[in-house]
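The values are calculated or read from the model by the stated rules, or taken from the named source; none is laboratory data. Every value quoted in this text rests on a predicted model; they were computed, and no experiment measured them. No Cβ is skipped: glycine too gets one built from the backbone with ideal geometry, and neighbour counts run over all protein chains shown. For the accessible areas, the whole protein counts, side chains as well, though only heavy atoms, and no ligand, DNA or RNA atoms are used. Shrake-Rupley method; radii C 1.70, N 1.55, O 1.52, S 1.80 Å.
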Amino acid sequence: MLDQKRKSDQHRGESETSMRYARNTDLIKLALRMQGTAEGLSLGDIMAEFEVSRSTAERMRNALLDALPQIEVRGNSGGEKRWRLPPRCLGGMTQPTLDEIAALHRARDLAAREGDRATADALSGLATRLQAALPSPMRTRLEPDIAVLLEADGVALRPGPREMIAPEILRRLRDAIMAGVWINADHRARASGKLSRDVWLGPLAMLMGEGRQYLVAWSEYQDDVRLFALAGFERIELSEEVFERPDEFDLQSYLSQSFGVFQEEVQDVVWRFTPEAAPEARHFLFHPTQTLEDAPDGSLIVRFRAGGMLEMCWHLFRWGDRVEVLAPEELRGVYREMLTRAGTIYNKFKGETDG
């Protein structure tokens, strides 16, 4: 009984210690946030940032006010009060941590792997400046520690096919998007190989990632938003004419209409994963609109609304015979045709090698 009581007291003590450490960590984060904002933080900001009640937010604020009298109070009696910590009040607490600098290196490697060299160079420069501000002993330990962290999550070594896009093309497109101007370009269509000269486009966003990469842009000729393969650009010139982004355009809404990037008519899609594949499939976000349904036999039914039948088939191939397309019929047809073609090519290759 005494041993059980001691274990209970020890567990309670460990829990209380853990809670104190958690509260202290939150207070440090709050102090950093107060110093990192120009307008200051309100109680509502603190509640939202730390997901706490108003009374807890008030206690956190009061604890910092007692510890850091340099905190400035902004606002008047009739408006919302905000609290801000002037620069350089936290000393060494503002130094970046190993995990934070490693995150920059990780983002740099991901950007480089996806062909976004300009972003990779910018992140590399930022990481270098942050490392230069660290004490010498910490800098000495940093490089091997970062290498271990990156190798642990596979970022630096992860293979993957992607298109090679000229850095100058990416730089010009990024400059155009940031400046909000029209571009005049020569672009070669991926499917037909036809070169269109003097195309006027209003760049909206670049879709970078594994495989094929695209520019989302307003086409003056089509008078609508279209996708342009980044690998197809052969010339880009920035104009001085301002491109006014359509007020109604929302990139996330635009992309959510498709399974990948190809824009097609949105349809109701239903896949069934076998009981063996269900545990793995449950961890995938196939589409933002998806719903999951457990079938009595242990299989998993996935439903969502999107277009992009071809890209769906490309993804379905990775699941082999562990997935079945239930709807729509168009997707079933495209998938059946691709499987037939793949089987024909395989049988032909097998016959040639056997012969």
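Brief remarks follow.
- Using R0 = 56 Å, the C-beta based FRET efficiency linking residue 349 and residue 256 works out to 0.90.
- Spacing of the modelled spin labels on residue 318 and residue 188, each 7 Å from Cα toward Cβ, amounts to 2.9 nm.
- Pairwise FRET efficiency - residue 100 versus residue 285, Cβ, R0 = 22 Å, nearest 0.05: 0.25
- Over all other residues within a Cβ to Cβ distance under 13 Å of residue 306, the charged ones net out to -3, with Lys and Arg as +1 and Asp and Glu as -1.
- Heavy-atom accessible surface of residue 265, to the nearest 10 Å², is about 140 Å², with a 1.4 Å probe and all protein chains retained.
- Applying 0.36 nm per residue to the separation of residue 249 and residue 234 and subtracting their alpha-carbon distance, the gain on full extension is 2.7 nm.
- Spacing of the two label points (7 Å from each Cα toward its C-beta) at residue 332 and residue 305, in nm: 2.2 nm
- Rounded Å value of the spacing that divides the Cα centres of segment 47-83 and segment 271-303: 45 Å
- FRET efficiency for the pair residue 341 and residue 81, taken as 1/(1 + (r/R0)^6) with r the Cβ-Cβ distance and R0 = 51 Å, rounds to 0.15.
- Net charge in the neighbourhood of residue 332 (other residues with Cβ under 14 Å of its Cβ; Lys, Arg +1, Asp, Glu -1) is -3.
- Remark: the residue 221-residue 74 segment gains 47.8 nm on full extension, using 0.36 nm per residue and subtracting the alpha carbon distance.
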